[in-house]
Amino acid sequence: MSTRSFGTRVKRNVDPKLLKGEGSFIDDLDLPGVLHAAFVRSPFARAKIKSVDTDYARSMDGVMAIYTCDNIGNLDMELPLLIPHDCMNDARTQRTLARDDVYHVGQAIVMVVAINRYLAEDAALMVDVDYEPMDVEVDIEKAILPDAPLVHPTHPGNIAADLTQISGDPESAFARAEHVTKIRVEVERSTAAPMETRSVAAYYDKISGVLTVWDGTQAPLTVRGGLASIFEIDEDKVRVIAPDVGGGFGQKVMFPHPDELLVPLAAMELGMPVKYIEDRRENFISSNQERKQIHHIELYATKDGDVIGLKDFFLHDTGAFIPYGIAIAQVASTSIAGPYRIPNIHVQFQAVYTPTVTITPYRGCGRPQACFAVERAMDQLAEDLGIDRFEIRRKNLISDDQFPYPREGLIFADGLPVTMDSGQYFKALDLIEEKIDVRNFPRMQEEARSQGKFLGLGLAYYVEGTGLGPYEGGHIKIHPITGKVYVNTGLSGQGQGHDTVFAQIVADQLGVNVEDVILTEGDSGAYDWGVATFASRAAVVSGNAIHKTALIVRKKTIKAAANMLEVDEDEIELRDGHAWVSNSNRSVSLAAVATATNPLRYAFNEAAKAATQFAPASRHDGPALDEGQAPGLEATDYYSPPAATWAYGVHAAIVEVDEITCETKIKKYALVHDCGNMINPTIVEGQVMGGVAQGIAGAMYEKVEFDDDGNISNANFVDFVIPYATEIPKVEMYHLETPTPLNPLGVKGVGEAGCIATAATIASGLTDALREFGNPKFRSTPITPSMIHEVLSSGSSG
Amino acid sequence: MKMIRNLPSANSFGQTSKVSLTVNGTNVEKEVSVRMLLSDFIRHELGLTGTHVGCEHGICGACTVIIDGKSSRSCTLLAVQADGIDLRTIESVANKDGSLHPIQEAFHECHALQCGYCTPGFIMNIVSEFENNEKIDTTDEGIRELIAGNLCRCTGYANIIEAVRDAAEKLQKKR
Ligand code: FES
Ligand code: FES
C-alpha cells in the first residue's frame, strides 16, 4: 500500500519557482509593446464634477488614449450589484468612471493609457478636473442623524440596508432574564493590504477574436462571466487567467474594480496589450476595505450565568457603495452568538453609507467584529455575576451531543439557515485552559506585579462558518505519455497551497506521488466551471469536488487495468504510478493504462502500439468505444455543499504592559482550533498563523484613518502600521479534528480562523492586566499605546 | 539562472544617461531615463522580475537587492545611481544547476512562504546578513531583528524565523 498523503506535512510543489524569483505575477508578464494605464482619482470625498479637461494630457508625448465617462460606450454605467438582498432598496454601486459626482477620495474619473507608466502618470497629473466640494460626514454614528450630509440623495439617513433577524423567542427571554449585561464595542476600519497590489493586463487577439485578461483576482471565472456579459461577447472568447497572485485576503474577490473593465476595453480598442499596476497609495484609497462596526450588545442571563437571550444592534460602515451587498453584516449578525447555545436572539444591523472607500470582505468578513462583541460581553457578564471567565463560557457552550445545532431564523451569507454542524467545544476550552496554564497564572501575575509589571490573561472563543456554496468542480486527466495527473479547478490561489493539498487528495486515490499531480487553477482557458476563492471555501468545496472526481478516475483506471492484466477489478491495487495485481509483481503503468484506454489508429510509441485498434489489448468485437464510454482516464465532477460547515476555536494570551512605554507585549499566545480533518497540517498552521498576525495587526496597530474631510491620512506603509516580525509573537497551536458530516472529506475551512478571536483575546488580557487602573474595558480596536497611556494616567479607558 | 535581457531600451524617455554596472556577474551597459527607479530598471529593462515591488516607498522590503555586498532597497534608488555598482538579485541566489541555496531550501522545508511575493526580498536581505556576519544571532529576538526590514502579509513570520535559524545553523556548522 502507498502511504496516505492526506493528513501529512507534504512540502509545497509551488515553492521552488517562487523562491528563485521565477513566479509570474501580473507585472512580471512579458507582453511585447505593452501600454500602461494610470488613473485620475478624486481628491475630494464628495463633490460635483463641473468639468474634465483632457486636451493637454492628450497632446503629451507617449499618450495613446484617454478615457472618461464620455468615451467608454456601455461601460458608462453603474457597476453590477453582485449580491442582491431584499433589505437594500436601490443599492448604490460605483460607476466605471465618475460622471457628475464623486463619492470618495480615490474614485476613478479618468484613465490615461501611455507607452510607459511614467508618461501615463505624468499625463494623469495634467488632466484638469474642476470640482465643487460638498459637505461630508465620515463618522457612522453621526452620518445617520437627521441633519447629516447625504452620500446619496436617494438614501435618507445614509442607511443602505436595515435587517433584523430573530431566532427563538427573544422578547420573552428578555423578560424572564434575571440579569442583563449591555456594552458598546467598536472595531476600526482596516484593509487587506496584500503585498502585491491589485493589477490587471489584457490583450485582444484580432485573428481569433479572443480577449485574454490576466487579473490578480480571487475570482477568475466570475471576472470572465462579468467581462463577457458587459462586453457582450461569448464566454468562450474571453479567457481570464489569475497567474501567481501576491495575497488577496478578500480584497481581490470583488469584481469589477473599474480597471478590470477599462484595461480590457483599451486593449480591444488599441489592439495592443495594456496593463494597470496599482500603486500602494491607490490600494489604500481605491481598493476595498473592511471592519468598521459599532455594536450595542446585550446578554440576558439567569443569575447563575445561563445566557438565555442576546440582543445586538450594530452599525456597519459600507463606504460609498455597496456592491457586495450585505454579506459582511450578515455574516456578523449570524455569528453573533458564537459557540454558545443562546437560544433566543434578536439581531439588527444598519449598513451606513459614508463617503469613503467601498467596503467588501477582508479576511474575517464580519466574524472578528461579531466575536469581539460577544466575547467582550461574555467577559463583562462573568465580571457582573462574579463567575470565572472560563466558567461562564462552559455554562453556555453547545455540547457535543447537541450537534447539529440549528439557529432557526438566522440566514447565513449563503442564503441558507445557520446550523452548527459539529465540534467539541468543551474539549477545546479545557485544552486551552491547560495550555495557557490558568492554575499558575495568578501567581505569575502577582510576581510580575511585585516587579512593577502588569500581566493579564486574555481569552476568546470563536466560530467560523466556512465552505460556502454554491459549488466548485474538479477535472482530472491522467496524461498518456508521462502518467502525470493533471487537475483543474475553477477557483484561484493566492498562496494557500492549493496545488499541494489538492494533489494530496488525488495522490491518495490514484496511487501516484504528490509531485506528479499538477494543478491548474484560475485559468478559464483550462477549466471554466466554478465560482471563486472566498469564505474559507477552497479546501472544502473544490477539495471535495476533486476528491469525488478522483474516485471516478480511480474506478476507470482499475477497470481498464484489470482488462489489460486480465484479472478481476478487486485484484488491482494502485500505487507508485502503476496498477498492480495484488500480491504479485505484475503491473502496468498508469501512462500505459491511459494510452490503452484511448483506442488509437497510429502507433506513435510502444505503449501506443498496445492501444491501436489491431492490438490484442483492445479486445473489442464491436466499436472501439462502447456506447457511452469515453476515451482516456479522465473525469469531471462537482461538489455543492448542503450548508456552510462551522469551524471553531479558542485563543488565550498572556499580555504584559510596560508602564513606561505603554507598550503591550504578548508574552504567550496559544490557540486551539478545529477545522475538521486536516489535509496538510503544515499548510493549516500557516493559514492560522497568517490569520493571527493579521488579527494582532487589527487588534493593536492597523486603522485606516480619515480626517474630517474624508481623506485617508495614513495611505502608505509608513503611517499605516503593518507589523513586522518584531511585533508578532510566537503562537502555540493545538489541533482538534472533528470531521464534519457535511462533506466526504470531513473538512472545514481554515482561511479566516486565525484573525477572528485575536482582538477579543488581547482586549480581554489587557482588561485583566490593568484592572487596578479604574477597571478599563478595552472595547474598541486597535488598542494603541496612547489608549493604554490614557488608562495608566487617568485610570479609565474607552 | 534567468538570462538578463539586453535589448535597446523601450523605456528610455526624456533625458537619459548611460549606466554601466555588473548584474549577477555580467556587465551591463544601458542608456536609461534619468527618472527611472532602479526597481523598474531591474524588472522591466533587465527583465529580472524576481525583484518585487510592494510599496515603492522603502518600507516593505520586497524590492531588496544586494548592492556592493549590502542589502539595499531598489525602489528608493534611481537607475542612474547604479552606475558602477555590483548588483545581485534573487535570480543569482540558487546554484547554477538550479538547486536551491540553503536559505531557499530552508524556506521550502519550513513553509516560510505562502504567496511568495515578499519572499525574494526576504531572501536577499538574509543572504546579505549571512555573508556579512561571521555569526548570526539565532535566538528568536535576534532573527526577528534580522528580518525586521521586510513585511510579509501571509505567513505571520513564525516559519520565516524557523527557516532563518535552520539555514544559519547549517551554514555555521559548515564554516
Ligand atoms: S517596494 Fe521597495 S521597500 Fe517596498
Ligand atoms: S508570503 Fe505573501 S507576503 Fe509573504
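Each reported figure results from applying straightforward, stated rules to the coordinates on display, with no laboratory input. On a predicted model such as this, the values are computed, not experimentally measured, just so you know. Please note: Cβ atoms are built from the backbone with ideal geometry, for glycine as well, and neighbour counts cover all protein chains shown.
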Shielding of A:710-723 by other chains, given as the mean Cβ count within 10 Å, works out to 2
For the range B:20-71 versus the range A:220-262, the gap between their alpha-carbon centres in whole angstrom:
31 Å
Based on the alpha carbons, how large is the Rg to Rh ratio for the range A:562-716 when Rh follows Kirkwood?
1.32
So what's the back-of-envelope 222 nm ellipticity for chain A, counting only DSSP H runs of four-plus at -39500 (n - 2.57) apiece and dividing by all residues, rounded to 500?
-7500 deg cm²/dmol
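Rounded, prolate or oblate: which one fits the range B:15-91, using the alpha carbon gyration tensor with axes a ≥ b ≥ c (rounded when a/c is under 1.5, else prolate when a/b beats b/c, else oblate)?
oblate
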Please give the FRET efficiency for A:Asn605 paired with A:Arg4, using the beta carbon to beta carbon distance and R0 = 22 Å, rounded to the nearest 0.05.
0.10
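Report the net charge of residues surrounding A:Glu569, where surrounding means a beta-carbon distance below 14 angstrom and charges are Lys +1, Arg +1, Asp -1, Glu -1.
Net charge in that neighbourhood comes out at -1.
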1/(1 + (r/R0)^6) with r = Cβ-Cβ of A:Thr93 and A:Ile207, R0 = 56 Å, i.e. FRET efficiency to nearest 0.05, evaluates to 0.95
For chain A, build the charge dipole from Cβ charges (+1 Lys, Arg; -1 Asp, Glu) around the Cα centre, then report which of A:Val52, A:Ala545, A:Ala592 sits farthest towards its positive end.
A:Ala592
What dipole magnitude, in Debye to the nearest 20, does the range A:214-295 give about its Cα centre under +1 on Lys/Arg Cβ and -1 on Asp/Glu Cβ?
360 debye
How many percent of the alpha carbon pairs in the range A:487-635 exceed a separation of 18 Å?
61 percent
What's the Kirkwood radius of the range A:647-705 in Å, using all Cα pairs?
13.4 Å
Mind jotting down the three principal axis lengths of the range A:443-524 based on Cα atoms? Whole angstrom, largest first.
73, 30, 21
Whole-angstrom Cα spans of chain B along principal axes, big to small:
50, 31, 25
Express in nm, to one decimal, how much length is gained between A:Asp61 and A:Leu145 on full extension, taking 0.36 nm for each residue of separation and deducting their alpha carbon distance.
25.2 nm
What's the average, rounded to a whole number, of partner chain beta-carbon atoms within 10 Å of each residue's beta-carbon in A:26-38?
2
Please compute the average number of Cβ atoms from other chains found within 10 Å of each residue's Cβ in peptide B:100-112.
4
Starting from the Cα of A:Lys427, draw a straight line to each of the aspartates and glutamates and keep only those under 14 Å, dropping any in the same chain fewer than 8 residues away.
A:Glu391, A:Asp400, A:Asp401, A:Asp674, A:Glu737
Hey, any idea what Rg/Rh is for the range A:60-182, computing Rh the Kirkwood way over Cα pairs?
1.18
Residues A:Glu573, A:Glu752, B:Glu145 in order from fewest to most other beta-carbon atoms within 10 Å are B:Glu145, A:Glu573, A:Glu752
Which of A:Asn74, A:Gly690, B:Leu78, positive extreme of dipole for the protein assembly as shown (C-beta unit charges)
A:Gly690
The distance between the Cα centres of the range A:487-563 and the range A:368-419, in whole Å, is 35 Å
If I model a spin label as a point 7 Å beyond the Cα along the Cα-Cβ vector, how far apart are those points for A:Arg443 and A:Asp128 in nm?
7.8 nm
Spin-label point model (7 Å from Cα, Cβ direction): what's the A:Thr661 to A:Glu408 distance in nm?
5.5 nm
What is the order of A:Thr533, A:Thr164, A:Thr767, A:Thr68, fewest Cβ neighbours within 10 Å to most?
A:Thr164, A:Thr68, A:Thr767, A:Thr533
Cβ density ranking, 10 Å radius, fewest first, applied to A:Ser542, A:Ser587 yields A:Ser587, A:Ser542
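So how much slack lies between A:Asp279 and A:Tyr734, counting 0.36 nm per residue of separation and subtracting their Cα-Cα distance, in nm?
Full extension from A:Asp279 to A:Tyr734 adds 159.9 nm.
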Report, in debye and to the nearest 20, how large the dipole of the protein assembly as shown comes out about its Cα centre when Lys and Arg carry +1 and Asp and Glu carry -1 on their Cβ.
1620 debye
Taking N as its residue count, the alpha carbon Rg of the range B:102-174 over 2.2 N^0.38 Å:
0.97
Grab the beta carbon distance between B:Asp83 and A:His179, set R0 = 56 Å, and tell me the FRET efficiency rounded to 0.05.
0.15
Among B:Asp68, B:Asp97, B:Asp140: highest mean-square fluctuation, GNM of chain B, C-alpha pairs under 10 Å
B:Asp97
13 Å cut-off, amide nitrogen to a point 7 angstrom out along A:Asn714 Cα→Cβ, residues in the range A:758-798:
A:781-787
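What is the Cα convex hull volume of the range B:66-107 when expressed per residue in Å³?
Each residue corresponds to 90 Å³ of Cα convex hull volume.
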Can you give the net charge of the other residues whose Cβ lies under 12 Å from the Cβ of A:Gln165, counting K and R as +1 and D and E as -1?
-1
Taking the Kirkwood radius as the inverse of the mean 1/r across Cα pairs, report the Rg/Rh of the protein assembly as shown.
0.97
Of the beta bridges DSSP finds with both residues in the protein assembly as shown, what % are antiparallel, to the nearest 5?
80 percent
Sequence ranges B:56-66, A:147-157, ranked by mean other-Cβ count within 10 angstrom, highest first
B:56-66, A:147-157
Distance in nm between label sites at A:Ser793 and B:Asn27, each 7 Å beyond Cα in the beta-carbon direction?
6.3 nm
